[in-house]
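Everything below concerns the one structure shown next.
The values are calculated or read from the model by the stated rules, or taken from the named source; none is laboratory data. Keep in mind that what you see is a predicted model, and the values were worked out from it rather than measured. FYI the Cβ positions are ideal-geometry reconstructions off the backbone, even for glycines, and counts take in every protein chain you see. Areas reflect the complete protein model, heavy atoms only, side chains present, ligands, DNA and RNA absent. Shrake-Rupley method; radii C 1.70, N 1.55, O 1.52, S 1.80 Å.
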Amino acid sequence: MIAPKETIHFIKDFDSTQNRLQSEDPSWIKNLRKASLNRFLECGIPTSKDEEWKYTNVSALNDLTLAIAHSGSILENNQLQKFLGPEINLVFVNGKFVKELSYAGIPAKGLTIRSWQQAIENDEKIIEQLLKKYDLQAQKPFVALNQSLAQEGIFVDVAANTAIPSLIHVVHITSSHAGALFTTPRCFIHLGKSSEASIVETHICFNKDLSYFSNPLTDVYLDENAILHYSKAQSESLKAYHIGTTRVWQERNSSYYGFSLSVGAALTRHDLDIILNGEGCHSTLNGLYAVDKAQHVDNHTSVDHRFPNCTSNQLYKGILNGDARAVFNGKIFVRPIAQLTNSYQLNKNLVLGHNCRIDTKPQLEIFADDVKCTHGATIGQLNEDELFYLQTRAIPKKRAVIMLSHGFVDDIINKVQNPAVQNIFNSLLVPVFQALE
Amino acid sequence: MVKASEEKLLNEKTIEENSLSRRDYKYGFVTDIETERIPNGLNEDIIALIAEKKNEPQWMLEWRLKAYRHWTKMKEPHWPNFHYDPIDYQALSYYTSPKWKKDQQPKNLDEVDPELLKTFERLGIPLTEQKRLSGVAVDAVFDSVSVGTTHQSELEKVGVIFCSVSEAVRSHPELIKKYLGSVVPYTDNFFAALNSAVFSDGSFCYIPKGVRCPLDLSTYFRINAAETGQFERTLIIAEEGSYVSYLEGCTAPMREQNQLHAAVVELVALDNAEIKYSTVQNWYAGDKQGIGGIYNFVTKRGKCLGHHSKISWTQVEAGSAITWKYPSVILQGDDSIGKFYSVALTNNRMRADTGTKMIHIGKNTKSTIISKGISTDESNNNYRGLVKVLPSANNARNFSQCDSMLVGNKCSANTFPYIEVKNSTATLEHEASTSKINADQIFYLQSRGLDLEGAISLIINGFCKEVFKELPLEFAVEAVKLLEMKLEGSVG
């Protein structure tokens with residue numbers, strides 16, 4: 001066992017939480033938790049000396065005292081009801097699954113949705129099969145933190161040869177009167193051979209003054225020929241920390257269409273790690289971030305081309321206002337056998353504020369010769385001529401700025417195929433454009 | 001003259017290598033010349049000895065010692081994308097010079113050992129009066145000392161000072177005190193500190209106000225002795241409204257041990273001045289198995305101190321076992337311009353981690369980066385660059401483009417661009433691509449009667465055109481030939 005002084009000090013009552021977790025779970029998950037905890041304690045909270053955390057300072061976490069929530073009651077029920085659509089909703093409040101708010105009907109044929117606890121018992125095979133592909137000793141610190149503490153979560157499994165027509169919406173809400181919370185949302189998505197599904201994961205908070213730390217981890221495991229449309233949207237409280245990771249494992253000929261939207265949180269860090277572990281895979285990684293005032297957003301993506309004939313396509317756009325900071329780090333690895341790889345990456349930043357800061361680092365590491373890889377990054381302001389033109393048409397400058405910014409955003413929002421997802425995104429973006437008024 | 005036995009050895013080697021369908025490194029010969037070298041090792045006494053050999057004033061020695069003391073506190077960095085065996089800094093000799101007759105450095109070229117002059121002639125750098133390259137003034141550096149500088153009197157007429165840095169320490173101490181270490185302080189990095197402590201010769205150029213330097217200035221660096229390192233130091237100062245074009249070339253013999261080359265180059269451009277710095281780097285790169293070759297760990301940096309000043313770096317990196325350098329520009333003056341053009345070719349087991357840093361400080365500063373990397377065989381080619389816009393740099397503008405070409409399936413090409421923007425009015429564009437030589441283009445050229453090598457050579461030439469056109473004519477021709485020679489046999 002871990003000696004008391006080696007506990008994670010920013011979590012209140014860490015030991016009792018630990019003990020609670022040790023209770024009745026199968027031994028493999030206990031071992032996983034233990035190894036992950038050791039890994040996190042070994043890494044500690046990263047500092048800016050760590051190349052992966054060069055531009056994002058998370059040392060403030062050291063000063064926090066966070067509690068793990070015991071109650072999953074929502075204070076802003078009306079607002080939530082407005083936010084939820086007719087899709088299959090799975091609602092978590094403060095990391096607790098709330099059955100009453102979630103979809104109660106019979107799920108579609110071939111679709112299994114289970115709580116993380118049930119999944120650990122029933123779907124051990126699938127979960128373990130994927131998790132053992134990752135080296136526990138090389139886990140990133142915040143992946144390890146989640147794995148060591150995550151107790152509740154969701155498991156979505158789509159059987160082979162099925163297409164799920166309805167959208168699955170996983171909602172994580174933080175709502176509290178009490179002190180700062182720590183949540184570890186856990187999501188595991190498995191698509192069987194030749195199946196298809198659309199999933200959107202949102203992290204929201206209706207009280208923009210609430211301070212908490214959300215540390216989500218999502219694992220996606222795509223079997224051969226599977227197609228997943230997966231979006232993650234985040235509109236956390238403006239005092240929250242959101243440090244999340246999405247890991248995607250793709251087998252032969254599978255396709256992943258991902259989108260990541262970040263509008264909230266004081267500090268956002270999203271790691272998206274994709275492993276293309278079979279020939280003919282395709283990945284789309286699109287993203288949008290819109291930050292204002294003292295917000296900080298950091299997107300780290302990595303695409304590991306391990307087999308030939310795969311394609312990946314990446315476009316991240318950002319709007320910065322006020323004193324906001326944005327970081328983008330995109331990595332593309334092409335292994336020696338991954339010939340005929342086609343990989344594209346672009347990061348575009350629109351700077352509206354006067355005191356913004358952008359650090360972008362698109363990287364290519366290529367060990368195969370017959371490949372086509374490109375990347376690009378731009379940082380700029382709105383075109384003066386375009387603004388002038390709109391003004392000559394009697395459109396006030398503010399309105400013109402909003403129109404042009406909308407154009408910048410819509411370009412990427414329109415790449416999301418599902419209109420229901422687009423609606424969710426647009427509703428989350430409303431405050432961004434309101435702030436420009 | 002090269003001794004007959006050595007000549008033979010060299011020829012044998014050349015034939016052998018040629019039979020392996022690769023042209024040899026033609027500058028790999030050793031000049032057999034009596035040398036004077038100080039004992040291996042590095043400590044304060046050695047530094048005092050170097051200063052004594054070079055007849056340096058006390059303040060220079062103190063400056064060296066300060067750097068040395070700082071260096072002893074530093075750790076060798078290991079962040080680049082390659083590994084190399086640890087360097088034993090105590091096993092090197094830090095000062096090697098040809099033994100002069102009458103025990104003092106010759107005052108002019110006529111007194112120089114003819115064998116030395118022949119060496120440079122063989123390298124294509126004739127120093128003697130009749131054969132001098134017209135339009136280029138050359139400072140020839142052999143191991144740790146400058147052998148001679150041509151066209152000095154011609155330059156003096158317009159007020160340009162062009163001499164070895166050791167001479168400048170003696171004759172122009174006020175300029176050296178003012179500018180040496182002002183761009184690359186000895187605290188900058190491990191190798192810069194080492195260089196500051198032990199630097200031997202290099203060139204010093206001073207272009208006075210309003211003068212457009214009538215000749216291209218050039219320094220040719222040659223490492224000859226074994227178990228030495230070369231630690232040259234170059235300082236170029238362009239006063240208000242002046243212009244200079246400076247060229248640098250370098251070669252070394254073929255040896256099985258790795259040799260260290262840790263130079264520091266500092267450029268200072270004042271108001272409206274322009275410095276154009278071109279390098280064709282062709283140090284010995286090691287053999288096919290990656291044995292031997294030069295470790296080229298160089299700190300090059302320019303400072304656009306005045307407004308409307310301009311510094312441009314053009315480099316063709318075709319040699320060295322390991323190249324690890326980032327010619328940078330600090331854009332301090334308003335409206336200043338920094339440019340970086342680079343072609344880096346790696347073959348066999350060469351490793352290159354090169355790129356640039358553009359630090360925008362002044363208003364309306366502009367920078368352009370064009371980098372072309374070609375990797376063949378089992379080599380590893382990295383572009384690493386930083387574009388940093390500080391809060392004061394309103395309306396900064398940057399355009400970067402780095403393209404890599406892979407020839408063969410055992411090589412690798414990586415790009416690590418860092419873009420850090422702290423000013424909202426900046427506009428930056430960065431693009432990079434990595435690809436294979438287009439098969440259709442090769443096929444087309446072959447259908448027109450070119451052989452495979454010719455076709456590839458032509459395509460690569462086109463790929464690098466943007467950079468070559470920035471080079472002075474003689475250098476551009478040399479660079480094209482160099483690439484052809486290096487690529488020979490590496491494809492097909």
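Checking B:C250 against (1) at pLDDT 85 or above; (2) under 13 Å from the mean Cα position of the chain (by Cα), which single condition isn't satisfied?
(1)
All but one of (1) without any contact (Cβ under 8 Å) to a residue 40 or more places away in the chain; (2) in contact with a helix residue (DSSP H, G or I) (Cβ under 6 Å, 6 or more places away or on another chain); (3) among the aliphatic types (A, V, I, L, M) hold for A:L210; state the number of the condition that does not hold.
Failed condition: (2).
Looking at (1) more than 18 Å from the chain's Cα centre (by Cα); (2) more than 10 Å from chain B (Cβ to nearest Cβ), which one does A:T284 not meet, given that it meets all the others?
Unmet condition: (1).
Just checking: which of the helices (runs of 4 or more DSSP H) contained wholly in segment B:161-238 hold 1 or more residues that are within 19 Å of B:H151 (Cβ to Cβ) and modelled with pLDDT of 90 or more?
On the way: elements: B:165-171, B:173-179, B:190-198.
Because the criterion is at least 1 residues that are within 19 Å of B:H151 (Cβ to Cβ) and modelled with pLDDT of 90 or more, the helices (runs of 4 or more DSSP H) in segment B:161-238 that meet it are B:165-171.
Output yes when any residue across segment B:311-333 is open to solvent by 10 Å² or more (accessible area, probe 1.4 Å), on the phi > 0 side of the Ramachandran plot and not acidic (D, E), and no when none is.
no
Can you tell me which residue in segment A:173-217 is modelled with the lowest pLDDT, limited to those that are closer than 19 Å to A:K99 by Cα and among the polar types (S, T, N, Q)?
A:S176
Scan segment B:261-297 residue by residue and report those that are at pLDDT 90 or above, open to solvent by less than 10 Å² (accessible area, probe 1.4 Å) and of a type in the set (A, V, I, L, M, F, W, C).
Selection gives B:A262, B:A263, B:V264, B:V265, B:L267, B:V268, B:A269, B:A273, B:I275, B:F297.
Given the options B:N394, B:N409, B:N398, name the one that is within 7 Å of chain A (Cβ to nearest Cβ) and either within 22 Å of A:K54 (Cβ to Cβ) or open to solvent by 50 Å² or more (accessible area, probe 1.4 Å) (or both). I'd like the intermediate steps shown before the answer.
Values: B:N394 fails: within 7 Å of chain A (Cβ to nearest Cβ); B:N398 fails: within 7 Å of chain A (Cβ to nearest Cβ).
Step by step, each of B:N394, B:N409, B:N398 is checked, and only B:N409 is within 7 Å of chain A (Cβ to nearest Cβ) and either within 22 Å of A:K54 (Cβ to Cβ) or open to solvent by 50 Å² or more (accessible area, probe 1.4 Å) (or both).
Looking only at segment A:309-336, which residues are facing another protein chain (nearest Cβ under 9 Å) and either surrounded by fewer than 20 Cβ atoms within 10 Å (Cβ to Cβ) or not in a strand (DSSP E or B) (or both)?
Answer for segment A:309-336, where residues must be facing another protein chain (nearest Cβ under 9 Å) and either surrounded by fewer than 20 Cβ atoms within 10 Å (Cβ to Cβ) or not in a strand (DSSP E or B) (or both): just A:P336.
Looking at segment B:351-374, which of its residues are in contact with a Cys (Cβ under 8 Å, 6 or more places away or on another chain), of a type in the set (S, T, Y) and not in a strand (DSSP E or B)?
B:T365
When segment B:412-424 is examined, which residues are found to be under 23 Å from B:K339 (Cα atoms) and within 7 Å of chain A (Cβ to nearest Cβ)? So that I can check it myself, show each step before the final result.
Step one: of segment B:412-424, the residues under 23 Å from B:K339 (Cα atoms) are B:413-424.
The answer is B:A413, B:N414, B:T415, B:F416, B:P417, B:Y418, B:I419, B:E420, B:V421, B:K422, B:S424.
Can you work out which of the residues in segment B:35-57 that are in contact with a helix residue (DSSP H, G or I) (Cβ under 6 Å, 6 or more places away or on another chain) and in a loop (DSSP other than H, G, I, E, B) is nearest to B:D201 (Cα to Cα)?
Among residues in segment B:35-57 that are in contact with a helix residue (DSSP H, G or I) (Cβ under 6 Å, 6 or more places away or on another chain) and in a loop (DSSP other than H, G, I, E, B), the one nearest to B:D201 (Cα to Cα) is B:K54.
Scan segment A:132-145 for residues that are of a type in the set (A, V, I, L, M) and surrounded by fewer than 18 Cβ atoms within 10 Å (Cβ to Cβ) and jot them down. First the steps, then the outcome.
Taking segment A:132-145 first, the residues of a type in the set (A, V, I, L, M) are A:136, A:138, A:143-145.
Hits for segment A:132-145 are A:L136, A:A138.
From A:S237, A:S262, which residue is under 23 Å from A:N321 (Cβ atoms), surrounded by fewer than 24 Cβ atoms within 10 Å (Cβ to Cβ), assigned by TED's automatic domain parsing to the domain that holds A:H172 and polar (S, T, N, Q)?
Working: A:S262 fails: surrounded by fewer than 24 Cβ atoms within 10 Å (Cβ to Cβ).
Every option except A:S237 fails the conditions.
Applying the selection to segment A:383-396, what residues are free of Cβ contacts under 8 Å to residues at least 12 places away in the same chain and either open to solvent by 70 Å² or more (accessible area, probe 1.4 Å) or within 14 Å of chain B (Cβ to nearest Cβ) (or both)?
Let us first name the residues in segment A:383-396 that are free of Cβ contacts under 8 Å to residues at least 12 places away in the same chain, namely A:384-385, A:388-389, A:391-396.
Result: A:E384, A:D385, A:F388, A:Y389, A:Q391, A:T392, A:R393, A:A394, A:P396.
Which of (1) within 9 Å of chain A (Cβ to nearest Cβ); (2) surrounded by fewer than 20 Cβ atoms within 10 Å (Cβ to Cβ) is the odd one out, the single condition B:T368 does not satisfy?
(1)
Take segment B:456-481 and flag every residue that is in a helix (DSSP H, G or I) and acidic (D, E).
Keep residues of segment B:456-481 that are in a helix (DSSP H, G or I), which gives B:456-468, B:473-481.
The answer is B:E466, B:E474, B:E478.
Counting only residues that are exposed (fewer than 15 other Cβ atoms within 10 Å of the Cβ), farther than 20 Å from A:Y212 by Cα and not acidic (D, E), how many does segment A:48-60 have?
2
Among the residues of segment A:341-364, what is the count of those that are buried (at least 21 other Cβ atoms within 10 Å of the Cβ) and either at the interface with chain B (Cβ under 7 Å from one of its Cβ atoms) or at pLDDT below 90 (or both)?
Residues flagged as buried (at least 21 other Cβ atoms within 10 Å of the Cβ) and either at the interface with chain B (Cβ under 7 Å from one of its Cβ atoms) or at pLDDT below 90 (or both) within segment A:341-364 amount to 8.
Does segment B:384-391 include one or more residues that are open to solvent by less than 20 Å² (accessible area, probe 1.4 Å), part of a strand (DSSP E or B), over 27 Å from B:K288 (Cα atoms) and β-branched (V, I, T)?
The first filter runs over segment B:384-391 and keeps only residues open to solvent by less than 20 Å² (accessible area, probe 1.4 Å), leaving B:385, B:387, B:389.
Now narrow it down to the ones that are part of a strand (DSSP E or B): B:385, B:387, B:389.
Right, trim to over 27 Å from B:K288 (Cα atoms) and you get B:385, B:387, B:389.
After this cut, where a residue has to be β-branched (V, I, T) as well, the list is B:387, B:389.
There is at least one residue in segment B:384-391 that is open to solvent by less than 20 Å² (accessible area, probe 1.4 Å), part of a strand (DSSP E or B), over 27 Å from B:K288 (Cα atoms) and β-branched (V, I, T).
Conditions first: (1) out of contact with any helix residue (DSSP H, G or I) (no Cβ under 8 Å at 6 or more places or on another chain); (2) at pLDDT 85 or above; (3) surrounded by 19 or more Cβ atoms within 10 Å (Cβ to Cβ); (4) among the hydrophobic types (A, V, I, L, M, F, W, C). B:L482 passes all but one, so which condition is the exception?
For B:L482, the failing item is (2).
Can you confirm whether B:A352 is of a type in the set (G, A, S), surrounded by 21 or more Cβ atoms within 10 Å (Cβ to Cβ) and more than 28 Å from the chain's Cα centre (by Cα)?
Details: of a type in the set (G, A, S): yes; surrounded by 21 or more Cβ atoms within 10 Å (Cβ to Cβ): yes; more than 28 Å from the chain's Cα centre (by Cα): no.
Spelling it out, it is not the case that B:A352 is of a type in the set (G, A, S), surrounded by 21 or more Cβ atoms within 10 Å (Cβ to Cβ) and more than 28 Å from the chain's Cα centre (by Cα).
The rows are residues; the columns are (1) within 14 Å of chain B (Cβ to nearest Cβ); (2) closer than 30 Å to A:T311 by Cα; (3) at pLDDT below 95.
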{"site": "A:G376", "(1), (2), (3)": "yes, yes, yes"}
{"site": "A:Q381", "(1), (2), (3)": "yes, no, yes"}
{"site": "A:K398", "(1), (2), (3)": "no, no, yes"}
{"site": "A:H406", "(1), (2), (3)": "no, yes, yes"}
{"site": "A:K415", "(1), (2), (3)": "no, yes, yes"}
{"site": "A:I424", "(1), (2), (3)": "no, yes, yes"}
{"site": "A:V432", "(1), (2), (3)": "no, no, yes"}
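Here are some conditions: (1) in contact (Cβ under 8 Å) with a residue 40 or more places away in the chain; (2) closer than 24 Å to B:H78 by Cα; (3) in contact with a Cys (Cβ under 7 Å, 6 or more places away or on another chain). B:D377 meets all but one. Which one does it not meet?
Going through (1) in contact (Cβ under 8 Å) with a residue 40 or more places away in the chain; (2) closer than 24 Å to B:H78 by Cα; (3) in contact with a Cys (Cβ under 7 Å, 6 or more places away or on another chain) one by one, B:D377 breaks only (2).
Do any strands (runs of 3 or more DSSP E) entirely within segment A:139-197 hold 2 or more residues that are within 24 Å of A:F259 (Cα to Cα) and of a type outside the set (F, W, Y), and if so, which? So that I can check it myself, show each step before the final result.
On the way: elements: A:153-158, A:168-173, A:181-183, A:186-191.
Those strands (runs of 3 or more DSSP E) span A:153-158, A:168-173, A:186-191.
How many residues does segment B:426-455 hold that are facing another protein chain (nearest Cβ under 7 Å) and either part of a strand (DSSP E or B) or surrounded by fewer than 21 Cβ atoms within 10 Å (Cβ to Cβ) (or both)?
The number of residues fulfilling the criteria is 10.
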